[in-house]
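Right, one structure below, let's go through it.
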Amino acid sequence: MSTATERVWAALEALTDPEIPVVTLRELGILREVNDAPDGLEVVITPTYSGCPAMGQIEDDVRARLAELGVAARVVTRLSPPWTTDWMSDAAKAKLHAYGIAPPHTRPAPDVSVMRFIKRPAADVVSCPHCGSSRTVVTSQFGSTACKALYKCLDCQEPFDYFKPY
Amino acid sequence: MSTPIDYLLHLADNAVVLGQRNAEWCGHGPILEEDLALANVSLDLIGQARLLYQRVAELKGGDASEDQLAYFRDAHEFRNYTLLELPHHGPLVGYAAADRDYATTIVRNFLYSALMVLVWDGLQNSADAGLAAIAAKSVKETSYHLHHARDWLVRMGDGTDESHARVQAAVDHLMPYTEEFWTTSPAEGAAVAAHVAVDVWALRPAWDAMVNDALAEATLSRPNFHGYVTEGKVGLHSEHLGFLLAEMQSLARAHPDGRW
Ligand SMILES: [Zn+2]
């Protein structure tokens, strides 16, 4: 890693998600690469959900931070390989939990049967981030954002968000 | 080998038209959770449409842009399935007003999502790398849309007499429009030949299995089909698309290149 790319990483390291300010873009797996390309520095980001309204803000935040640093680098959005919650670091998952959002489960192994799209993973137990109880129910598949589902805890009665595996 | 642009437009127009339709529930959902759910489904669909329009613009070059494709084409240039432009209620002429019917919304989302999980899954191997990348994201989003719609289909079908009757009426009304899935348009034929598209005909048994399984669990019956097969995907639309586009496009057309 060159000094220039190290400097950029260091500067972008602290940028957080606009919707979930306790986790950084790097921990979420949105900030992918910083490359010292022949034609200049390049920062690669990848979108979460196709329609995530935070992506515009994220790109602006990255550009603004680079401008602050006086670094000329282009910001490239890359779709492939597609973002997955499996890229989220354990540290990020712990922070989500502490923030009151149940972190995503690891995605189940691929299944090839015809009905795979409508089957539910067998062990889809989501623990309450407030009291730890596993007696929880889905209130809605879509919570405050597309990436989260709304759950309710049957023990402490608190509602909470679950970051869905993607 | 060139990527058949008309096929990408078909996929993009499907997404943008259903995204616009579902967004009509924003602020009017039957319950708050469903209001949020439909808004989130719409955001995914509009996001998918944007990625596809961007890919088309990239292939066309010149001054083509996602905004130009979404806002400055007229109804006959759209290539979406007729199913997706219909209003959220049973058969009525385009200018007639009726209450939105959530059963219609759910049944349509179910029928379309059940097709698209299969289409996106297959398109991950498209010869067009840009389309394959979009498909890999879309298949994950669409499977959540399918779960959502299927849950409500079963809940309403196997619910009260009223909810059962309404969701059965929606199935009877909308199912004939799905025949359009299984005819091959020239754009689809060209895209299949170029290994860019999947042959939808080959997906039919899997779609039938998903639909029949859900209808059985929902205690609903599947109507027999006979009659006219719609042709929205070749640009022959119902009277409803013009009204939808008028609303969707008016702001961009009143303030071309407006920024705020
Ligand atoms: Zn609890």
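Compute the angle between helix B:129-157 and the longest alpha-carbon principal axis of chain B, please, reported from 0 to 90 degrees and rounded to the nearest 10.
10 degrees
Could you tell me how many degrees, from 0 to 90 and to the nearest 10, lie between the Cα long axis of helix B:240-254 and the main elongation axis, the longest principal axis, of the Cα atoms of chain B?
50 degrees
I need the P(r) histogram for chain A: all alpha carbon pairs, bin width 5 Å from 0 out to the longest distance, whole percents.
In whole percents, the pair-distance histogram is 1, 8, 15, 18, 17, 14, 10, 7, 5, 3, 1, 0.
Find, to one decimal place in angstroms, the Kirkwood hydrodynamic radius of chain B, where the mean of 1/r is taken over every pair of different Cα atoms and then inverted.
In chain B this quantity evaluates to 18.7 Å.
With springs connecting C-alpha atoms under 10 Å apart, model chain B as a Gaussian network and identify which of B:Asp67, B:Asp161, B:Asp208 has the largest mean-square fluctuation.
B:Asp161
Over the alpha carbons of segment B:2-59, what is the largest minus smallest coordinate on each principal axis, giving the biggest first in Å?
47, 13, 10
If R0 is 41 Å, what FRET efficiency do you get for A:Val137 and A:Ala14 from their C-beta distance, rounded to 0.05?
So the FRET efficiency works out to roughly 0.65.
Take the Cα atoms of segment B:154-197, find their three principal axes, and give me the spread along each one in whole Å, biggest first.
Cα extents, longest axis first: 49, 17, 9 Å.
Round to the nearest 10 and give me the degree value, 0 to 90, for the angle of helix B:161-174's Cα axis relative to the longest principal axis of chain B.
Approximately 40 degrees, to the nearest 10.
Once you have the Cα-Cα distance between B:His76 and B:Phe225, take 0.36 nm times their residue separation minus that, and quote the gain in nm to one decimal.
Full extension of this stretch gives 51.0 nm more.
Starting from the Cα of B:Ile31, step 7 Å along the direction of its Cβ; do the same at B:Leu236; then give the gap between the two resulting points in nm.
4.3 nm
In a Gaussian network model over chain B where Cα atoms closer than 10 Å are linked, find which of B:Gly27, B:Gly242, B:Gly157 has the largest mean-square fluctuation.
B:Gly27
Compute the distribution of all C-alpha to C-alpha distances in segment B:110-201, in bins of 5 Å from 0, and list the percent of pairs in each, rounded to whole numbers.
Calculated over all Cα pairs of segment B:110-201, the distribution is 3, 14, 17, 19, 17, 12, 8, 6, 3, 1 percent.
Just report the Cα centroid separation between segment A:67-84 and segment B:90-128, whole Å.
34 Å
Can you run the Rg to Rh ratio on the protein assembly as shown? Use alpha carbon positions and the Kirkwood inverse-distance Rh.
0.97
Using the basic label-point model (7 angstrom from Cα toward the beta carbon), what is the B:Thr160 to A:Glu33 distance in nanometres?
Calculated label separation equals 5.7 nm.
Using helices alone, what [θ] at 222 nm do you get for chain A, with -39,500 (n - 2.57) per DSSP H run of 4 or more residues, divided over all residues and rounded to the nearest 500?
-7000 deg cm²/dmol, from helical runs alone.
After finding the eigenvalues of the alpha carbon gyration tensor for segment A:3-83, what semi-axes result from the square roots of 5 times each, listed largest first in whole Å?
Details: eigenvalues 78, 42, 24 Å².
Listed largest to smallest, the semi-axes of segment A:3-83 are 20, 14, 11 Å.
Springs between alpha-carbon atoms under 10 Å, Gaussian network over chain B: tell me which of B:Ala197, B:Ala246, B:Ala23 tops the mean-square fluctuations.
Taking springs between Cα atoms under 10 Å, the residue moving most is B:Ala246.
I need A:Arg63, B:Arg166 ordered by Cβ neighbour count within 10 Å, fewest first.
Values: A:Arg63 14, B:Arg166 21.
Exposure proxy ranking, most exposed first: A:Arg63, B:Arg166.
Compute the length gained on full extension between B:His195 and B:Glu217: take 0.36 nm times their separation in residues and subtract their Cα-Cα distance, giving the result in nm to one decimal.
4.3 nm
Do any of A:Lys93/A:Lys164; A:Lys164/B:Lys140; A:Lys152/B:Lys140; B:Lys137/B:Lys233; B:Lys60/B:Lys140; A:Lys95/A:Lys148 go past 21 Å between their Cα atoms, and which? Walk me through the intermediate numbers first.
Numbers: A:Lys93/A:Lys164 12 Å; A:Lys164/B:Lys140 11 Å; A:Lys152/B:Lys140 24 Å; B:Lys137/B:Lys233 23 Å; B:Lys60/B:Lys140 28 Å; A:Lys95/A:Lys148 16 Å.
Flagged as over cut-off: A:Lys152/B:Lys140; B:Lys137/B:Lys233; B:Lys60/B:Lys140.
Every number in this text was worked out from the coordinates using simple rules, so none of it is lab data. This structure is a prediction, so every number in the text was calculated from the model and none was measured. We place every Cβ from the backbone using ideal geometry, glycine too, and count neighbours over all the protein chains shown.
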